[in-house]
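Engineer: One structure, pasted below without further comment.
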Amino acid sequence: MDILVILFLVAGTAVAFLFGLFSISSLIERKLRAVFVSALLFVVFTGIWFGGFLVIHPGHYALAGAVLLIAVLALLFFLPVGKTKTQRIDAATERVDERDVIFARAGYRPGTDRYDAYYRMRPEKQEIDDKIRGLAELLSSGGQYYDPARSEYVASLFRLEEQLVTLVDGPVDSNKREVDPEEMSTVLKGMALHLGAAEVGVARLNPFWVYSHVGRGPEPWGAEIKNDHPYVIAFSVEMDYAHVEQAPRIGISEETALQYLHAQRISIVLAHYIRSLGHHARAHVSGSNYQTMLPPVAYDAGLGELGRFGYIISPRFGARIRLGAVTTKIPLVPDEPIQFGVQNFCEKCKKCAQNCPPGAIPTGSKTMVRGVEKWQLDIEKCYHYWRVIGTDCGLCMKVCPFSHPDNLIHNILRVGIKSSSFARSVSLLGDDLFYGKRAGIREIQA
Ligand code: SF4
Ligand code: SF4
């Protein structure tokens with residue numbers, strides 16, 4: 001058989017295989033629109049490509065042109081095309097005060113000393129905070145998506161987490177063991193994975209990521225936070241795809257609460273183990289004062305890049321993760337931040353911003369925030385919406401094209417997105433075509 005004919009049949013089979021694989025993967029993911037579109041493309045493509053071959057018997061020039069077209073598209077998709085932007089977050093100039101974090105502010109009750117002290121310090125926040133406080137509590141019966149059984153289940157998970165915060169720190173064994181930093185890094189990463197982490201990395205702890213003052217948890221409110229740990233072990237836990245797909249309804253909150261509990265368990269055990277070796281370590285968990293911001297710490301540890309919505313995007317799980325961290329004095333070897341095309345992709349995409357019901361995610365360019373150039377989430381608009389619906393929303397996580405499952409077909413696309421601007425444009429068009437532009441949630445007014 002002519003070599004050109006063989007190449008023609010192989011190229012056609014490869015493309016048809018990809019459409020078929022996409023269709024099967026989509027069926028497993030229960031994305032019916034994607035099943036239908038990819039199955040249709042499979043039928044149309046195989047009909048034209050192989051049907052045309054059998055009926056028309058194309059000449060050498062036509063066969064060569066078709067093979068060349070597929071080869072050029074494949075090269076454009078997988079080879080570095082265009083400049084991949086890097087993210088720099090190491091120029092921070094100011095620490096954040098945990099008292100300003102929206103979850104701390106939501107807990108200030110009128111008539112208390114804390115309320116008076118905070119709004120003397122930040123009078124400009126009082127009006128919006130009072131408005132938010134006037135709404136139903138998260139997970140309570142006034143929320144749009146309140147579910148008597150499931151909301152209470154989530155609330156009980158969070159209450160349990162509150163009770164575990166006393167375990168974040170503890171006595172350090174007096175027998176301080178000498179350790180090899182490289183070996184210890186490997187051991188601790190292995191333990192984190194064994195405990196259930198999806199990804200783990202180590203970074204030098206940038207002092208600007210440590211909050212300046214306590215805003216939540218059992219430690220004295222307003223106390224200066226003094227964390228002189230030089231290293232941080234950061235890790236992610238994967239959020240279940242099917243639960244994230246339920247966003248913004250209560251299913252996402254079930255998964256959020258559960259994964260926070262898992263992250264809490266992993267970080268408390270790791271910190272406990274390190275202290276048993278005679279080195280200081282503190283877990284940073286939901287419900288305590290975190291002491292350190294987790295997204296920039298995770299970025300430094302090489303877990304992902306910061307996306308338009310302000311959260312970390314993992315190369316394997318996209319935004320479908322929750323983070324945990326342990327800061328420590330035990331000697332470790334830091335990892336490096338990673339870049340895989342998120343900045344370029346977010347510039348084109350904006351899907352999270354277009355789907356955010358209260359418009360909390362910017363659609364424009366990055367701005368300078370405390371010395372770091374980034375897209376700045378309007379956390380007040382976001383949290384206000386949470387209180388209206390009674391869950392932690394998560395629509396941005398759900399619609400983000402990086403959040404698709406960690407499987408063969410999506411990973412093939414991720415390889416292209418990493419370095420090719422052509423692949424990013426095609427993937428974004430494909431995401432709209434296969435999954436739709438909108439998540440179908442109308443804005444809900446307070
Ligand atoms: S969680 Fe919801 S409200 Fe908040 S930024 Fe994401 S989409 Fe917007
Ligand atoms: S939805 Fe799009 S713009 Fe938003 S974080 Fe994900 S990739 Fe970036």
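Engineer: Would you check which residues across the range 294-314 are away from ligand 2 (no atom under 12 Å from the Cβ), surrounded by fewer than 24 Cβ atoms within 10 Å (Cβ to Cβ) and among the small types (Gly, Ala, Ser) and list them?
Structural biologist: GLY302
Engineer: Something else: Which condition number in (1) of a type in the set (S, T, N, Q); (2) more than 30 Å from VAL426 (Cα to Cα); (3) outside any loop (DSSP other than H, G, I, E, B) is the one that SER288 fails?
Structural biologist: Failing condition for SER288: (3).
Engineer: I'm told ARG320 meets every condition in (1) at pLDDT 95 or above; (2) open to solvent by 10 Å² or more (accessible area, probe 1.4 Å); (3) within 16 Å of ligand 1 (Cβ to nearest atom) except one. Can you identify the failing condition by its number?
Structural biologist: Failing condition for ARG320: (2).
Engineer: Same structure, new question: Taking only the range 235-244 into account, find how many residues are more than 14 Å from ligand 1 (Cβ to nearest atom) and assigned to a loop (DSSP other than H, G, I, E, B). It would help to see each step written out before you state the result.
Structural biologist: Within the range 235-244, the first condition is being more than 14 Å from ligand 1 (Cβ to nearest atom), and the residues that meet it are 235-238, 240-243.
Cutting the leftovers down to assigned to a loop (DSSP other than H, G, I, E, B) gives us 240.
Here the count works out to 1.
Engineer: Cβ-Cβ distance below 6 Å, separation of 6 or more or different chains: which pairs start in the range 241-254 with a residue that is under 15 Å from ILE321 (Cα atoms) and end on one that is crowded, with 23+ Cβ neighbours inside 10 Å and polar (S, T, N, Q)?
Structural biologist: SER253/THR391
Engineer: Pick out the one residue from ASP173, ASP240, ASP147 that is under 19 Å from ARG282 (Cα atoms) and open to solvent by 30 Å² or more (accessible area, probe 1.4 Å). Even if it seems obvious, please write down each step before you answer.
Structural biologist: On the way: ASP240 fails: under 19 Å from ARG282 (Cα atoms); ASP147 fails: under 19 Å from ARG282 (Cα atoms).
Matching residue, one of ASP173, ASP240, ASP147: ASP173.
Engineer: Can you confirm whether GLU161 is surrounded by fewer than 17 Cβ atoms within 10 Å (Cβ to Cβ) and either in the same structural domain as ARG265 (by TED's automatic domain parsing) or touching a residue at least 60 places away in the same chain (Cβ under 8 Å) (or both)?
Structural biologist: Details: surrounded by fewer than 17 Cβ atoms within 10 Å (Cβ to Cβ): no; either in the same structural domain as ARG265 (by TED's automatic domain parsing) or touching a residue at least 60 places away in the same chain (Cβ under 8 Å) (or both): yes.
Criteria not met by GLU161.
Engineer: While we're here: Sort out for me the helices (runs of 4 or more DSSP H) sitting completely within the range 346-446 that have 1 or more residues that are closer than 26 Å to SER140 by Cβ.
Structural biologist: Values: elements: 351-355, 379-389, 395-399, 408-419, 421-435.
Passing ranges, in order: 351-355, 379-389, 395-399.
Engineer: Further, regarding this structure: Return the residue satisfying two criteria in turn: it lies in the range 373-395 and is within 29 Å of THR93 (Cβ to Cβ) and open to solvent by less than 20 Å² (accessible area, probe 1.4 Å), and of such residues it is nearest to ligand 1 (Cβ to nearest atom).
Structural biologist: We begin by selecting, within the range 373-395, every residue within 29 Å of THR93 (Cβ to Cβ); these are 373-384.
The next check asks that each one be open to solvent by less than 20 Å² (accessible area, probe 1.4 Å); those that pass are 375, 382-383.
Details: TRP375: 11, CYS382: 3, TYR383: 8 Å.
Checked the range 373-395; the qualifying residue nearest to ligand 1 (Cβ to nearest atom) is CYS382.
Engineer: Name the residues in the range 218-234 that are in a loop (DSSP other than H, G, I, E, B) and either open to solvent by 40 Å² or more (accessible area, probe 1.4 Å) or not assigned by TED's automatic domain parsing to the domain that holds TYR273 (or both), would you? Even if it seems obvious, please write down each step before you answer.
Structural biologist: Quick first cut of the range 218-234, residues in a loop (DSSP other than H, G, I, E, B) only: 218-223, 225-230.
Result: PRO218, GLU219, PRO220, TRP221, LYS226, ASP228, PRO230.
Engineer: Being of a type in the set (Asp, Glu) and within 27 Å of the chain's Cα centre (by Cα), is that true of even one residue in the range 28-41? Walk me through it before giving the result.
Structural biologist: The initial filter retains those residues of the range 28-41 that are of a type in the set (Asp, Glu), namely 29.
Subsequent filtering for residues that are within 27 Å of the chain's Cα centre (by Cα) retains 29.
Within the range 28-41, one or more residues are of a type in the set (Asp, Glu) and within 27 Å of the chain's Cα centre (by Cα).
Engineer: Further, regarding this structure: Residues to consider are SER253, SER267; find the one that is assigned by TED's automatic domain parsing to the domain that holds VAL165 and within 16 Å of GLY201 (Cβ to Cβ). Working first, answer last.
Structural biologist: Details: SER253 fails: within 16 Å of GLY201 (Cβ to Cβ).
Only one candidate passes the filter, namely SER267.
Engineer: Before we move on, is CYS400 within 8 Å of ligand 1 (Cβ to nearest atom) and either within 23 Å of LEU428 (Cβ to Cβ) or assigned by TED's automatic domain parsing to the domain that holds VAL15 (or both)? Give the steps one after another, and end with the answer.
Structural biologist: Working: within 8 Å of ligand 1 (Cβ to nearest atom): no; either within 23 Å of LEU428 (Cβ to Cβ) or assigned by TED's automatic domain parsing to the domain that holds VAL15 (or both): yes.
In short, no.
Engineer: Anything in the range 350-372 that is in contact (Cβ under 8 Å) with a residue 40 or more places away in the chain, open to solvent by less than 20 Å² (accessible area, probe 1.4 Å) and within 15 Å of ligand 2 (Cβ to nearest atom)? List them, or say none. Talk me through it step by step, then tell me what you get.
Structural biologist: Here is the first cut: in the range 350-372, the ones in contact (Cβ under 8 Å) with a residue 40 or more places away in the chain are 350-358, 361-362, 370-372.
Subset that is open to solvent by less than 20 Å² (accessible area, probe 1.4 Å): 351-353, 355, 357, 361, 372.
Once the filter is applied, which keeps residues that are in contact (Cβ under 8 Å) with a residue 40 or more places away in the chain, open to solvent by less than 20 Å² (accessible area, probe 1.4 Å) and within 15 Å of ligand 2 (Cβ to nearest atom), the range 350-372 yields LYS351, CYS352, ALA353, ASN355, PRO357, ILE361.
Engineer: Considering only residues of the range 32-61 that are open to solvent by less than 40 Å² (accessible area, probe 1.4 Å) and touching a residue at least 60 places away in the same chain (Cβ under 8 Å), which is nearest to VAL5 (Cα to Cα)?
Structural biologist: Checking each candidate, the answer is SER38.
Engineer: In addition: Which of (1) of a type in the set (Val, Ile, Thr); (2) assigned by TED's automatic domain parsing to the domain that holds GLU183; (3) within 30 Å of GLY134 (Cβ to Cβ) is the odd one out, the single condition ILE361 does not satisfy?
Structural biologist: Here ILE361 meets the rest and fails (2).
Engineer: Still on this structure: Can you list the helices (runs of 4 or more DSSP H) lying wholly within the range 101-203 that have 3 or more residues being modelled with pLDDT of 95 or more and farther than 30 Å from TYR273 by Cβ?
Structural biologist: Working: elements: 102-105, 113-121, 126-133, 148-164, 181-195.
Correct list: 113-121, 126-133, 148-164.
Engineer: For the range 315-349, how many residues meet the condition of being of a type in the set (Lys, Arg) and more than 12 Å from ligand 2 (Cβ to nearest atom)?
Structural biologist: Going residue by residue through the range 315-349, those that are of a type in the set (Lys, Arg) are 316, 320, 322, 329, 348.
From the residues that got through so far, the ones that are more than 12 Å from ligand 2 (Cβ to nearest atom) too are 316, 322, 329.
Adding up the residues that qualify gives 3.
The values are calculated or read from the model by the stated rules, or taken from the named source; none is laboratory data. Quick caveat, the model's predicted, so the values are computed rather than measured. Glycine also receives a Cβ, built like all others from the backbone with ideal geometry; neighbour counts cover every protein chain displayed. For accessibility, only protein heavy atoms count, side chains too; no ligands or nucleic acids. Shrake-Rupley method; radii C 1.70, N 1.55, O 1.52, S 1.80 Å.
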